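Student: My structure is below; once you've seen it, I'll send some questions.
The values are calculated or read from the model by the stated rules, or taken from the named source; none is laboratory data. Quantities reported herein were computed from a predicted structural model and do not represent experimental measurements. Cβ atoms come from the backbone with ideal geometry, glycine included; neighbour counts cover every protein chain shown. Heavy atoms of the whole protein, side chains included, go into the accessibility calculation; ligands, DNA and RNA do not. Shrake-Rupley method; radii C 1.70, N 1.55, O 1.52, S 1.80 Å.
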Amino acid sequence: MNVDNLSPDELSPDEKRQTPAFSTSLKQIISFAITFLICFATWIILSGRLDFFHLGLGVIACAIVARLSSTKLISRRGIENLPRQWFRFVCYVPWLLYQVFLANLHVMSLAFNPRLIEVIDPKIIRFKSKLTRPMSLFIFANSITLTPGTITVFVSITGEFTVHVIDEYSGLSLPGEMEEKVAELMGE
Amino acid sequence: MKRLGLIAIIIFGGLLFSITFELPDLGDASSPASTHVSPYYIEHTLEDTSVPNVVTAILADYRGYDTLFETAVIFSAGLACFFLLRIPERKAPKARFYRHLTTGLTLRIEKGGRIPEESKEFERIDSAWVPNDVIINMTCRLVVPFVQLFALYVIAHGHHSPGGGFQGGVIFGAAIILFAISNNLRSTTRRLSEKSSALLGSGGVIIYLGTGLLCILLGAGFLNYSGLSVFPGLDPVSARSYGILIVEIGVGIAVTAVMVWIYYNLASAGTQEEGL
Amino acid sequence: MESFFLYGAIYLSLIMILSLYRAVFGPTVLDRMIGVNAIGSKTTALLVLIGLIYQRVEMFVDIALAYACLNFIAVLAASRYFQKRKGLYDEHH
Amino acid sequence: MSLLAAILIISGLFFFTGGSIGILRFPDFYSRLHPAGKLDTMGLLMTMTGMALYTVQEFTLAAIFTSLKILLIIVFVFITSPTATHAILDAGVRAGLSPWTAPGKGERE
């Protein structure tokens, strides 16, 4: 099942320019191992049984999953600075949660507003983002969807965003602070 | 005609409702269903098979024949879909579409144009293609492995939690279908072809059947897993437990493959050219 | 605490009826999809609540997780279907 | 602890209510997605966190694993819910449900 699933960000144009820290086969092994470890941690949470038999079944299942999709989960490019990215991601999540909470209060006040029709003013806005990697585009797009009155309509692979906003106030903050945060997170 | 249908539905609905009052109450200990075999299963399952989940033990052990033929029915459903829907490719399409894997750009090649070789650079995609959507692709890349892992967990833990071969197989099939939705049908069939999904489907049924036949060869009845206790380190009780696990794995493989097979045929209206 | 969960579950299923209105009478197919998706996300919470009522959370959590998976896949498949078939999206003509 | 869990669950139910009423009240398909996509996710986050807190009270190994599983559901929903919202919206745009002439100020009856 795993013939040649190259993902777009594995073979970026600038890969030839930078000198890789690890060789390709080593990277393959590392990405397999990381996938296996993530899967095994998930398995232990799911299973909740720590006896020998169930852990053995877990090893087999995780090996199958890692074999099927190690190139899907962990991109082989940029595997060197993975721990730093994850640490930054953990720092990003609480900020995002706070923003999501504010967004929800805003939408909530709209939903219970008796003069709803007069308050909202839906429209489409477009802007160009400086982010380039698919992963950072993905994080940014989903963060936009979760935060104040905005839903991502379309993202092109070059970073052009089309966003549906519910009222004037919501569209003001785009791209703004969140883009900075995501750029810093992914090291762009 | 519509009113006639409504009247018929109301009459039958009323009949069903009135019959509901004749059913025994929920948890009624003296109802026919809970007086004959149920108490036996509830009392003896743990000591017979060492499986805490009574439902799994009944399905895969006490009523093994039933489940065997259920699996066969699922396989024949896939077969029926295949025979009803599958049509070979009728005519060459007007234009072919190729996606450049690095950038996600799509090439449209008219009939008679030079076609790039199927290489690591280009991948042929459906002609009713959906523009490459970064968000959906990335989400599926992240989610598919965990859905697969969850499916394997459901199959492996049928003994202790709700689940087993059928449920786990459905979730695993759904994971593959999710991949097919987020990319397209053509790239999915290149990784898991129709032929191998059919072979896997029959292979799952054969695992089940083979376990039963192995029990006969070892001197016990058909699907009586305690015959497996001749293998070292097994007593009759734990042999039944392991037998259930093997059977569940067979069912899981069969259900996964048949789900994917039916999806291939339904989503492309039998041509296996263009999917959802 | 059990009665609290019970009332919570009843309240949640009452709210689901509101979303059901959108799913049944929604003017377009996509409105119906919004309704179904909203019901699905509430059902995930409802399943865990039911688990707390019966004090079998560890069983119902599995069901809730499976439900969340299948709900997501169903919504994605439906939106793809209405994109490509039904004449909603046709770029050959 | 169980008081905190109860507060979280009640506020989650409150968010769910807002989501359902929003779905009913908002004027068109695109604006309906805002309450459906955001308020339901938030409601799920809060109720699930409350229930995970309630479960972990017993502090046995099984209870901890169960509440971790509930957290796993939260993470899963947080990744998939915005994507599902986006997918429905995308289908709407391709169906040609005019988002540009959105029913704004004064255009609605």
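Student: Within region D:1-12, can one find any residue that is open to solvent by 30 Å² or more (accessible area, probe 1.4 Å) and at the interface with chain A (Cβ under 9 Å from one of its Cβ atoms)? Explain how you work it out, then say what you get.
Tutor: Kept after step one, since they are open to solvent by 30 Å² or more (accessible area, probe 1.4 Å), are these residues of region D:1-12: D:1-4, D:7-8, D:10-11.
In the following step, the residues that additionally are at the interface with chain A (Cβ under 9 Å from one of its Cβ atoms) were identified as none.
Checked against the condition, which is being open to solvent by 30 Å² or more (accessible area, probe 1.4 Å) and at the interface with chain A (Cβ under 9 Å from one of its Cβ atoms), region D:1-12 yields no hits at all.
Student: Can you spot a residue in region D:26-42 that is open to solvent by 30 Å² or more (accessible area, probe 1.4 Å) and basic (Lys, Arg)?
Tutor: Restricting attention to region D:26-42, the residues satisfying the condition of being open to solvent by 30 Å² or more (accessible area, probe 1.4 Å) are none.
No.
Student: So which of B:GLY227, B:GLY233, B:GLY270 is in a loop (DSSP other than H, G, I, E, B) and either more than 22 Å from the chain's Cα centre (by Cα) or of a type outside the set (Gly, Ala, Ser) (or both)? Walk me through it before giving the result.
Tutor: Numbers: B:GLY227 fails: in a loop (DSSP other than H, G, I, E, B); B:GLY270 fails: either more than 22 Å from the chain's Cα centre (by Cα) or of a type outside the set (Gly, Ala, Ser) (or both).
After applying the criteria, what remains is B:GLY233.
Student: With B:LEU26, B:LEU16 as the choices, which residue is surrounded by fewer than 14 Cβ atoms within 10 Å (Cβ to Cβ), of a type outside the set (D, E, K, R) and assigned to a helix (DSSP H, G or I)? Talk me through it step by step, then tell me what you get.
Tutor: Values: B:LEU26 fails: assigned to a helix (DSSP H, G or I).
It is B:LEU16.
Student: Moving on. Check region C:51-58 and report whether any residue there is charged (D, E, K, R), outside any loop (DSSP other than H, G, I, E, B) and either closer than 26 Å to D:HIS34 by Cα or modelled with pLDDT of 90 or more (or both). Spell out the reasoning first.
Tutor: Filtering region C:51-58 down to residues charged (D, E, K, R) leaves C:56, C:58.
Now narrow it down to the ones that are outside any loop (DSSP other than H, G, I, E, B): C:58.
Applying the additional criterion that residues be either closer than 26 Å to D:HIS34 by Cα or modelled with pLDDT of 90 or more (or both) yields none.
Taking every residue of region C:51-58 in turn, none turns out to be charged (D, E, K, R), outside any loop (DSSP other than H, G, I, E, B) and either closer than 26 Å to D:HIS34 by Cα or modelled with pLDDT of 90 or more (or both).
Student: Mind counting the residues in region C:19-48 that are facing chain D (nearest Cβ under 7 Å) and in contact (Cβ under 8 Å) with a residue 40 or more places away in the chain?
Tutor: The total comes to 2.
Student: Something else now. Could you give me the residue pairs with C-beta distances under 8 Å whose first residue belongs to region A:103-122 and is assigned by TED's automatic domain parsing to the domain that holds A:ILE151 and within 12 Å of D:GLY19 (Cβ to Cβ), whose second residue is open to solvent by 40 Å² or more (accessible area, probe 1.4 Å) and assigned to a helix (DSSP H, G or I) wherever it lies, and which are 6+ apart or on separate chains?
Tutor: Matching pairs, first to second residue: A:LEU110/A:VAL119; A:ALA111/D:ILE21; A:ALA111/D:ARG25; A:PHE112/D:ILE21.
Student: If you scan region B:161-193, which residues turn out to be at the interface with another protein chain (Cβ under 7 Å from one of its Cβ atoms) and part of a loop (DSSP other than H, G, I, E, B)?
Tutor: Of everything in region B:161-193, those that are at the interface with another protein chain (Cβ under 7 Å from one of its Cβ atoms) and part of a loop (DSSP other than H, G, I, E, B) turn out to be B:SER161, B:PRO162, B:GLY163, B:LEU192.
Student: Could you tell me how many of the residues in region D:43-64 are at the interface with chain A (Cβ under 9 Å from one of its Cβ atoms) and crowded, with 20+ Cβ neighbours inside 10 Å?
Tutor: Adding up the residues that qualify gives 2.
Student: Go through (1) more than 9 Å from chain A (Cβ to nearest Cβ); (2) in contact with a Phe, Trp or Tyr (Cβ under 9 Å, 6 or more places away or on another chain); (3) of a type in the set (A, V, I, L, M, F, W, C) one by one and return the number of the condition D:PHE29 breaks.
Tutor: Among (1) more than 9 Å from chain A (Cβ to nearest Cβ); (2) in contact with a Phe, Trp or Tyr (Cβ under 9 Å, 6 or more places away or on another chain); (3) of a type in the set (A, V, I, L, M, F, W, C), D:PHE29 violates only (2).
Student: Return yes when B:ALA128 is under 27 Å from A:PHE154 (Cβ atoms) and at pLDDT below 65 and no when it is not.
Tutor: yes
Student: Assess whether B:TYR208 counts as being in contact (Cβ under 8 Å) with a residue 40 or more places away in the chain and not basic (Lys, Arg). Talk me through it step by step, then tell me what you get.
Tutor: Working: in contact (Cβ under 8 Å) with a residue 40 or more places away in the chain: yes; not basic (Lys, Arg): yes.
It is true that B:TYR208 is in contact (Cβ under 8 Å) with a residue 40 or more places away in the chain and not basic (Lys, Arg).
Student: Let me ask another. May I ask you to list the residues in region C:35-65 that are within 21 Å of A:TRP43 (Cα to Cα) and open to solvent by 30 Å² or more (accessible area, probe 1.4 Å)?
Tutor: Correct list: C:ARG56, C:GLU58, C:MET59, C:PHE60, C:ILE63.
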